[in-house]
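The values are calculated or read from the model by the stated rules, or taken from the named source; none is laboratory data. Here the structure is a predicted model, which is why all the values come from computation and not from measurement. With ideal geometry, Cβ positions are generated from the backbone for all residues, glycine too; neighbour counts draw on all protein chains shown. Heavy atoms of the whole protein, side chains included, go into the accessibility calculation; ligands, DNA and RNA do not. Shrake-Rupley method; radii C 1.70, N 1.55, O 1.52, S 1.80 Å.
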Amino acid sequence: MNAMNARNATTATAMNAGDLGLPVDVPSTALFTDHYELTMLQAALRAGTAERRSVFEVFTRRLPEGRRYGVVAGTGRVLDAVENFRFDEGVLRFLRERRVVDEPTLEWLANYRFQGDIWGYPEGEVYFPGSPILRVEGSFAECVLLETVILSILNHDSAIAAAASRMSAAAGGRGLIEMGARRTHELAAVAASRAAYVGGFEATSDLAAGFRYDIPTVGTSAHAFTLLHDSERDAFTAQVDTLGRGTTLLVDTYDVTEAVRLAVEVAGPELGAVRIDSGDLLLVAHRVRQQLDELGATDTKIVVTSDLDEYAIASLGAAPVDAYGVGTQLVTGSGHPTCSMVYKLVARARSADPKAPLEPVAKKSLGSKASRGGRKWAARRLDEDGVAEAEVVGTGPIPAELADRQLLVELVKGGEVVAREPLDAVRARHKAARDLLPLSATQLSRGEAVIPTEHVSP
């Protein structure tokens, strides 16, 4: 496809509230939360427990059914959300008019700025059940307010990135284009493009994603462009005259064989690519490749689209396809639109004294919703061949043999973001992390997590 680069000088290292889908004149992310976060705050303020030092952790109890690993995505957006989480006059007015909380609480919120620390798996890293993906430390009051916005970002973006990673593995090095903007909410589409890029996609059709995150954008024409013209030849001629011989021509509006003949006749053997969007893609791709070669267009690429997922991509592995365009299945997480991550209090001080020691706390409910208390570390143990063999999660001192394999990095220190990085670095990290997993990680057959999670305690 022709690259219509919408690259902007603004990169992933310089974000603002607009990157989160907010109108640029409303920078606050404070209302990306649930009502009960504020009522808990009010009650804790009144009880004198709001300032107790606390530790919250984000984790998932299980991977989506059939998945072998998860992908951490959205961390950069979380950092932006935390920075912009403030209660300005408009937000406070709304809370007052709705009587969500009382005046003393509103006064406290007016001065809110997160002043704590955040540690987490670096974006692009893989994770497993029980992995402490994010750890938020500070007073109970300042940490509890961030629960909903953190979970909404991580659950969405990590689900998309995991689907993208599976599709990237199935593609085996062939190009992948994200083109699902029309299949989801317009703001979710931008976040999905970013997450897909983290997971291994190379470009997006969404110009907003290109503008905000410096992701390459691509696109040429749809069936409507062909139908607009009096003949397919006229449509192809108009496109080639405008976009050059290296463009991608859509060849399945009428008759594919005739369209391929016309495409090469109009553009010559220098034609960049043809796109196929319907039919038996495996069969049609073979026929089109043969026809292109016979017409001398041996370097013309074949791009296929049409409701692809990782299974369809894998089934086309033997086809002469050069790139895949994926929409609906990608932006909906290929059947798993959330990762079921939770945000749980795992430790808190007995008093508001800053020197009071932390005590582990945990939910003890029946069934599968219990949690493990204590401020945790995480490390990935490798076997003698350098392949991951276990995710080790624990409290207390880290075993010496795992000291250089720790996974959590400092993201926010004293309320200041300390770990922003370009999106290309995140994308490269994911590929490197996936490459360290056992080969079965990329199998599409259903199975359990590719490595076990081992819990250790002092």
For residue 355, give me every one of the aspartates and glutamates with a C-alpha distance below 13 angstrom, ignoring sequence neighbours fewer than eight places off in its own chain. 51
Expressed in nm², what is the orientationally averaged projection area of the convex hull enclosing the Cα positions of region 156-223? 4.6
List the GluC sites (Glu not before Pro) in region 379-416 that DSSP assigns to loop (not H, G, I, E or B) and whose Cβ has at most 16 other Cβ atoms within 10 Å. Which are they? 384
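For region 198-322, what is one quarter of the convex hull surface built on the Cα atoms, given in nm²? It would help to have the intermediate numbers written out before the result.
Values: hull surface 32.6 nm².
One quarter of the hull surface, i.e. the mean projection, equals 8.1 nm².
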Estimated Rh, region 306-354: Kirkwood, alpha-carbon pairs, angstrom: 14.7
Too-long pairs where the Cα-Cα distance tops 18 Å, listed order kept, from 344/376; 344/431; 344/413: 344/431; 344/413
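What number does region 79-139 give for Rg over Rh if you use C-alpha atoms and the Kirkwood radius?
Details: Rg = 15.9 Å, Rh = 14.1 Å.
Computed over Cα atoms, the ratio is 1.13.
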In order through region 81-87: 3J(HN,Hα) via Karplus (6.51 cos²θ - 1.76 cosθ + 1.60), integer Hz, x for Gly, Pro: 5, 5, 4, 9, 7, 8, 9
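What's the ranking of 215-223, 356-364 by average number of surrounding C-beta atoms within 10 Å, highest first?
Values: 215-223: 19.4, 356-364: 13.1.
Ranked by mean Cβ neighbours within 10 Å, highest first: 215-223, 356-364.
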Accessible area per residue for the chain in Å², computed with a 1.4 Å probe and the full protein assembly in place, what is it? 44
Residue 390's amide H: which non-local residues (gap 5+, or another chain) put their own amide H closer than 5 Å, with H modeled 1.01 Å from N in plane and none for Pro or chain starts? 381
With r defined as the distance between the Cβ atoms of residue 241 and residue 270 and R0 fixed at 22 Å, what FRET efficiency is calculated, to the nearest 0.05? 0.95
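For region 161-212, what's the relative contact order in percent, using C-alpha pairs closer than 8 Å and at least 6 residues apart?
On the way: 61 pairs, mean separation 24.7, N = 52.
Averaging sequence separation for qualifying contacts and normalising by length gives 48 percent for region 161-212.
Looking at region 374-458, I'd like the Rg to Rh ratio, where Rg is from alpha-carbon atoms and Rh is Kirkwood's inverse mean 1/r. Please report the intermediate quantities before stating the final value.
Values: Rg = 15.1 Å, Rh = 14.9 Å.
Ratio of gyration radius to Kirkwood radius for region 374-458: 1.01.
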So how compact is region 264-328: Cα radius of gyration and Dmax in angstrom? 11.9, 35
Please report the carbon-and-sulfur percent of the accessible area for the chain; probe 1.4 Å, protein heavy atoms only, DNA, RNA and ligands left out. 51
Taking N as the number of residues in region 110-166, what value does Rg over Cα atoms divided by 2.2 N^0.38 Å take? 1.30
Compactness relative to 2.2 N^0.38 Å, alpha carbon Rg of region 326-402: 1.60
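Is the C-alpha gyration tensor of the chain telling us rounded, prolate or oblate? Criteria: a/c under 1.5 is rounded; beyond that, a/b larger than b/c is prolate, otherwise oblate. The partial results should precede the final answer.
Details: a/c = 2.88, a/b = 1.77, b/c = 1.63.
Taking the square roots of the gyration eigenvalues as a ≥ b ≥ c, the chain is prolate.
Tell me, what is the Rg over Rh of region 209-257, with Rh the Kirkwood radius over Cα pairs?
Working: Rg = 13.1 Å, Rh = 12.1 Å.
Taking Rg over the Kirkwood Rh, I get 1.08.
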Value of relative contact order over region 284-372, rounded to a whole percent, pairs C-alpha under 8 Å and six or more apart: 18
Find the relative contact order for the chain and round it to a whole percent, using C-alpha pairs within less than 8 Å whose residues are 6+ positions apart. 23
